[in-house]
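> Sharing a structure here in structure tokens format.
The values are calculated or read from the model by the stated rules, or taken from the named source; none is laboratory data. Bear in mind that the values here come from a model prediction, so they are computed numbers and not experimental data. Cβ atoms come from the backbone with ideal geometry, glycine included; neighbour counts cover every protein chain shown.
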Amino acid sequence: MRPAFGRPLAVDSVLHRRDPTVKLAVLLVICLVLTGVTDPVTPGVLYLLTWPVALRAGRIPAGTLLRAHLPFAAFALSLLLVNACTRSGELLARLGPVPITVEGLSIGAGLAVRTLLIGITSVTFVLTTDGARLMTSLHQHVRLDGRFAYAVLAGYRLLEQLPESWATIRAAQAARDASRRGRGPSRAPRALSRAAFTLLVTALRRGERMSIALETRGLGAGPRTIAAPSPLQVGDAVLAGTALVSTAVVLWGSWQAGTLRGLGALGVFG
């Protein structure tokens with residue numbers, strides 16, 4: 001089961017039902033706090049706690065989460081290697097002329113695990129949050145300007161239609177090319193570039209029509225009503241409290257155990 005472009009997973013879960021603004025606020029707070037943590041233990045514990053939340057509370061398949069990890073894992077590996085090979089400290093091993101230090105490996109592991117944690121929390125948010133409901137919630141609860149909210153919604157819908165438009169354009173190319181009958185559209189660079197140009201022109205024309213429609217309907221002329229409001233519920237407070245308290249408990253436990261390390265370990269802030 002894979003989500004459509006720009007859409008959450010088509011399932012019902014605890015996280016799907018929670019208000020998008022609350023989820024976004026919790027995500028931003030946790031990520032902001034984690035930017036000051038550089039040891040591998042603290043984000044590692046939070047990372048392990050996030051997996052059952054994503055699997056059970058978000059009903060996200062494990063395979064989907066693993067595939068979403070690929071870009072974050074690549075970046076995390078680069079952080080690990082760069083820090084392990086460039087930071088001074090006690091020599092742990094040597095790969096040819098490249099020394100690997102204990103301090104560099106520890107800091108690199110901390111930054112790598114932190115990257116994976118931010119990655120899995122962000123992916124969980126995206127796969128359980130509808131973009132249209134997010135903008136509606138921001139407009140309703142944090143007073144996001146209606147002109148900006150509706151314009152973003154229009155652009156969101158435009159992006160959502162791009163894969164379908166691309167498939168239509170490629171199918172039309174295959175239908176026009178008699179030599180490709182039964183073999184699908186050509187993958188030659190010229191055919192792909194023509195399809196990309198057609199998609200660009202189509203998107204620009206569709207965007208122009210959207211802007212005219214929004215202006216015609218008086219976007220920004222006055223207060224707007226909300227067709228599908230997103231009311232705050234007790235479950236939203238429970239979600240925010242559970243996530244923030246759990247993060248605070250892990251940070252406190254790491255501090256008590258002596259494993260918590262901040263930005264000072266990077267040698268940048270003294």
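> May I ask you to list pairs of residues, at least six apart or on different chains, whose Cβ atoms are under 6 Å apart, with the first in region 21-41 being in a helix (DSSP H, G or I) and the second being modelled with pLDDT under 90 and polar (S, T, N, Q)?
Partner pairs satisfying both residue conditions: 21/137; 41/259.
> Here is a further query. Being more than 18 Å from the chain's Cα centre (by Cα) and either free of Cβ contacts under 8 Å to residues at least 24 places away in the same chain or not in a helix (DSSP H, G or I) (or both) is the filter here, so list the residues in region 7-20 that pass it.
Result: 11, 12, 13.
> For region 119-126, check the following and say yes or no: at least one residue is in contact (Cβ under 8 Å) with a residue 40 or more places away in the chain and farther than 27 Å from residue 251 by Cα.
No, region 119-126 contains no residue that is in contact (Cβ under 8 Å) with a residue 40 or more places away in the chain and farther than 27 Å from residue 251 by Cα.
> Filter region 48-59 down to the residues that are assigned to a helix (DSSP H, G or I), of a type outside the set (Gly, Ala, Ser) and touching a Ser or Thr at 6+ places or on another chain (Cβ under 9 Å), then identify the one that is farthest from residue 122 (Cα to Cα).
56
> Next question. Given the structure, is residue 164 farther than 21 Å from residue 37 by Cβ, modelled with pLDDT of 80 or more and acidic (Asp, Glu)?
So residue 164 passes the test.
> Of 49, 55, 70, which residue is surrounded by fewer than 18 Cβ atoms within 10 Å (Cβ to Cβ), without any contact (Cβ under 8 Å) to a residue 24 or more places away in the chain and farther than 30 Å from residue 96 by Cα?
Exactly one of 49, 55, 70 is surrounded by fewer than 18 Cβ atoms within 10 Å (Cβ to Cβ), without any contact (Cβ under 8 Å) to a residue 24 or more places away in the chain and farther than 30 Å from residue 96 by Cα, namely 55.
> Then there is this: What's the number of the condition residue 44 fails, among (1) closer than 30 Å to residue 143 by Cβ; (2) surrounded by 14 or more Cβ atoms within 10 Å (Cβ to Cβ)?
Residue 44 satisfies all of (1) closer than 30 Å to residue 143 by Cβ; (2) surrounded by 14 or more Cβ atoms within 10 Å (Cβ to Cβ) except (1).
> For region 80-96, check the following and say yes or no: at least one residue is crowded, with 21+ Cβ neighbours inside 10 Å, touching a Ser or Thr at 6+ places or on another chain (Cβ under 6 Å) and in a helix (DSSP H, G or I).
no
> A further question follows. Out of all the residues in region 133-158, which are of a type in the set (D, E, K, R) and outside any helix (DSSP H, G or I)?
Hits for region 133-158 are 143, 145.
> Residue 61 - would you say it is assigned by TED's automatic domain parsing to the domain that holds residue 247 and within 29 Å of residue 160 (Cβ to Cβ)?
yes
> Then there is this: Please go through region 58-67 and give me each residue that is on the phi < 0 side of the Ramachandran plot and touching a residue at least 24 places away in the same chain (Cβ under 8 Å), ordered by number.
Correct list: 58, 60, 61, 64, 65.
> Being within 15 Å of the chain's Cα centre (by Cα) and among the β-branched types (Val, Ile, Thr) is the filter here, so list the residues in region 66-92 that pass it.
none
> Moving to a separate point now. Specify which of the listed residues (105, 66, 81) is within 19 Å of residue 37 (Cβ to Cβ) and in the same structural domain as residue 50 (by TED's automatic domain parsing).
105
> Looking at the structure I just gave you, is residue 63 under 27 Å from the mean Cα position of the chain (by Cα), farther than 26 Å from residue 251 by Cβ and surrounded by fewer than 19 Cβ atoms within 10 Å (Cβ to Cβ)?
When the stated conditions are applied, residue 63 passes them.
> Oh, and also: Considering (1) at pLDDT below 80; (2) surrounded by fewer than 10 Cβ atoms within 10 Å (Cβ to Cβ); (3) of a type in the set (Val, Ile, Thr), say which one residue 234 fails and leave the rest.
Only one criterion in (1) at pLDDT below 80; (2) surrounded by fewer than 10 Cβ atoms within 10 Å (Cβ to Cβ); (3) of a type in the set (Val, Ile, Thr) is unmet by residue 234, namely (1).
> Give the residues of region 97-119 that are under 13 Å from residue 44 (Cβ atoms) and in a loop (DSSP other than H, G, I, E, B), sorted by residue number.
none
> Separate question: Tell me which residues, restricted to region 146-156, are free of Cβ contacts under 8 Å to residues at least 24 places away in the same chain and surrounded by fewer than 16 Cβ atoms within 10 Å (Cβ to Cβ).
Matches in region 146-156: 148 only.
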